[in-house]
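Please read the structure below before turning to the comments.
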Amino acid sequence: VMETGYDILFFWVARMIMLGCYNMGSAPFHTVYLHGLVRDAQGRKMSKSLDNVIDPLEKADQYGMDALRFTLATGSTPGNDMRLTDERLEGSRNFANKLWNGAKFVLGELSTAADDVSAPSQGEVPQAEGVPLEDRWILSRLQAVTDSVDELLRQFQLGEAGRQIQDFLWGEFFDWYLEASKVRLRNGDLSPLPVLTRVLDGGLRLLHPWMPFVTEAIWQQLRPHLGDDAEATALIGARYPQPADSDRDLEAEEAFAAVQEIVTAVRQVRADYRVQAGQWAETYVLPQSEVADAVSASAPIVEVLSRARPLTIVSDRGDAPADQIASAVLPAAEVILPLGGLVDLDQERARLNKDLEGIVKRLRGAEAKLSNEGFRSKAPAEVVKQAEELASDLQRQQADLESRIGALG
């Protein structure tokens, strides 16, 4: 495989192939991977005359070598140029910090449990039967991202593979499973530790080619807890995760997705009504029959992650309040939050009415512009489209506010 920039494809790569065929009777490589050019924040090619050359060593000192490497590797698709900006580098640095802090929590729990004879062995991940839903879900998601990354690497989609690993570690492992595992850990249940260990180990192995330094530093601390899985003295020499479709648990993925939707919906209602972050909110959940058992089993997770207390799982809509409520209808459940005691109804009604007046005023202006034939005939099509999208969005906001005002009674 030959890796180079597309700008020298004819000047260098083609000549190498022709010279190899002429002198050796065969091409020197069978595949050419073309990367794009790294441009400045304005999309300009770097040059001394423009004085826009970015020194990678300076950026490495500022954001870290892993952040620079990850940004360059995931910032574009093969053959396409990328703009190297401080915002992208800062995002990669934040990911490295998230990885370090999440791993620090796992390592801390493992160290605390090291002297506990009742703690499960970190190399012994429980089998499917009787395993909590969140454990089955994260193990299946780890295998899913492993399968996807393997396929992407075979297609030389290095950037997309790195982005999917980031989404899994940040969005699924740390933001969801790690927080869910704390519910059991805080109650003295150490059963999540083997799963935390397995997933962190797998995630570090997947990410290592993109962020070698921080992953190696973390893995060296994790290695004593891996048992027989620590087959190498350094992460760079450890086995890379392999695809295995048979290890997917699609039932667990679907069921836990319903739990995630419920938590997200409760959080959204709290945000809409500006409920204080530390305030508990009475919540009712009416799940669909196919996920009812999973939602009931995950009630402690829903309660903690969405600050829902008391949390009541009902099987009939009549068992939940019908007046002065905020609700969200989801594909797998309905979420109901009584507003009495949660917010000041008079103040909330006044606030929403004020917001509604502003939206109606803006909507009238947008509709007046769209009804002007001169605007439609003379303005560029893209400008007209933006005005139509704005009016549509304002109509949606108006309907939402009217619905919320009506729910207050």
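The values are calculated or read from the model by the stated rules, or taken from the named source; none is laboratory data. From a predicted model like this one, the values you see are computed outputs, not experimental measurements. Don't worry about glycine lacking a Cβ; one is built from the backbone with ideal geometry, like all the others, and counts go over all protein chains shown.
Okay, here's what the table says:
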| item | result |
| --- | --- |
| Test: residue in segment 32-47 that is farther than 23 Å from N80 by Cβ, out of contact with any strand residue (DSSP E or B) (no Cβ under 8 Å at 6 or more places or on another chain) and not small (G, A, S) | no |
| The listed residue being crowded, with 18+ Cβ neighbours inside 10 Å, farther than 20 Å from S298 by Cβ and either in contact with a Gly (Cβ under 8 Å, 6 or more places away or on another chain) or not β-branched (V, I, T) (or both), out of Q164, Q157 | Q164 |
| Selection status of K369, among the basic types (K, R), at pLDDT 90 or above, more than 30 Å from I301 (Cβ to Cβ) and surrounded by fewer than 12 Cβ atoms within 10 Å (Cβ to Cβ) | no |
| Matching entry among V106, V131 (being under 25 Å from V302 (Cβ atoms) and modelled with pLDDT of 95 or more) | V106 |
| Residue that is in contact (Cβ under 8 Å) with a residue 12 or more places away in the chain and among the aromatic types (F, W, Y), where the choices are F70, F10 | F70 |
| Answer residue from segment 389-409, given it is surrounded by 13 or more Cβ atoms within 10 Å (Cβ to Cβ) and acidic (D, E) and is nearest to L345 (Cα to Cα) among those | E402 |
| Residue count for segment 232-263, restricted to those that are touching a residue at least 40 places away in the same chain (Cβ under 8 Å) and among the β-branched types (V, I, T) | 3 |
| Filter pass, A350 being under 21 Å from R270 (Cα atoms), aliphatic (A, V, I, L, M) and loosely packed, with under 13 Cβ neighbours inside 10 Å | yes |
| Criterion violated by R15 - all others in (1) assigned to a helix (DSSP H, G or I); (2) within 28 Å of T215 (Cβ to Cβ) satisfied | (2) |
| Sole residue being in contact (Cβ under 8 Å) with a residue 40 or more places away in the chain and within 26 Å of K182 (Cα to Cα), chosen from A271, A333, A277 | A333 |
| So L356, is it of a type outside the set (D, E, K, R), within 22 Å of S403 (Cα to Cα) and either modelled with pLDDT under 90 or touching a Leu at 6+ places or on another chain (Cβ under 7 Å) (or both) | yes |
| Residues within segment 188-231 that are assigned to a loop (DSSP other than H, G, I, E, B) and among the acidic types (D, E), tallied | 2 |
